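Visitor: So that we are looking at the same thing, I have put the structure below in structure tokens.
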Amino acid sequence: MAEEPGHNKSIDELTAEIAASRERMARDLRGLHYELDFAGKLRRSFRKQTVSWLTAAAAVGALIAFAPMRKKKIYIDAKSGKKTKKRLVETGFALGALKIAAGLVRPVIIEFVKNRLIGSGGHTRPLGKE
């Protein structure tokens with residue numbers, strides 16, 4: 001087998017070459033870590049350009065708040081509108097009558113429940129000690 005040139009290097013030269021290679025690798029790794037540190041980049045950018053970031057945030061917030069919302073269009077026939085109003089009035093009257101009836105019937109229901117809980121026959125417990 002033929003020997004390649006460079007194999008005759010001394011141990012000190014090889015050690016120095018390995019150390020230089022490690023240093024290059026460490027430097028490249030630090031550079032890669034710096035490039036991939038997005039959170040750190042955002043923090044540094046915010047510290048340097050605070051006014052720009054706050055202005056951009058306010059602009060985005062304003063766009064979201066004032067953006068034209070999609071308005072839903074509802075088409076109603078004039079005839080069906082009258083029917084809807086009539087049903088709404090009827091429902092309102094029915095609910096009003098139900099509320100009045102419930103107010104009138106409530107005392108009767110409460111008395112009935114009290115009688116059932118205490119017991120039938122009119123037996124009541126005395127309030128004082130015996």
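The values are calculated or read from the model by the stated rules, or taken from the named source; none is laboratory data. Because the structure is predicted, anything quoted here is derived from the model rather than measured. When we count neighbours, we look across all protein chains shown, and the Cβ atoms used for this are built from the backbone with ideal geometry, even at glycine.
Visitor: If you go through the range 25-40 one residue at a time, do you hit one that is among the acidic types (Asp, Glu), at pLDDT 75 or above and not in a helix (DSSP H, G or I)?
Guide: Quick first cut of the range 25-40, residues among the acidic types (Asp, Glu) only: 28, 35, 37.
Next, only the ones that are at pLDDT 75 or above stay: 28, 35, 37.
Next cut, not in a helix (DSSP H, G or I) only: 37.
Yes; the residues of the range 25-40 include at least one that is among the acidic types (Asp, Glu), at pLDDT 75 or above and not in a helix (DSSP H, G or I).
Visitor: Provide a single number: the residues in the range 1-18 that are loosely packed, with under 10 Cβ neighbours inside 10 Å and either at pLDDT 90 or above or in a helix (DSSP H, G or I) (or both). Walk me through it before giving the result.
Guide: Restricting attention to the range 1-18, the residues satisfying the condition of being loosely packed, with under 10 Cβ neighbours inside 10 Å are 1-8, 10-12.
Going one step further and asking which of them are either at pLDDT 90 or above or in a helix (DSSP H, G or I) (or both), we end up with 11-12.
So the answer is 2.
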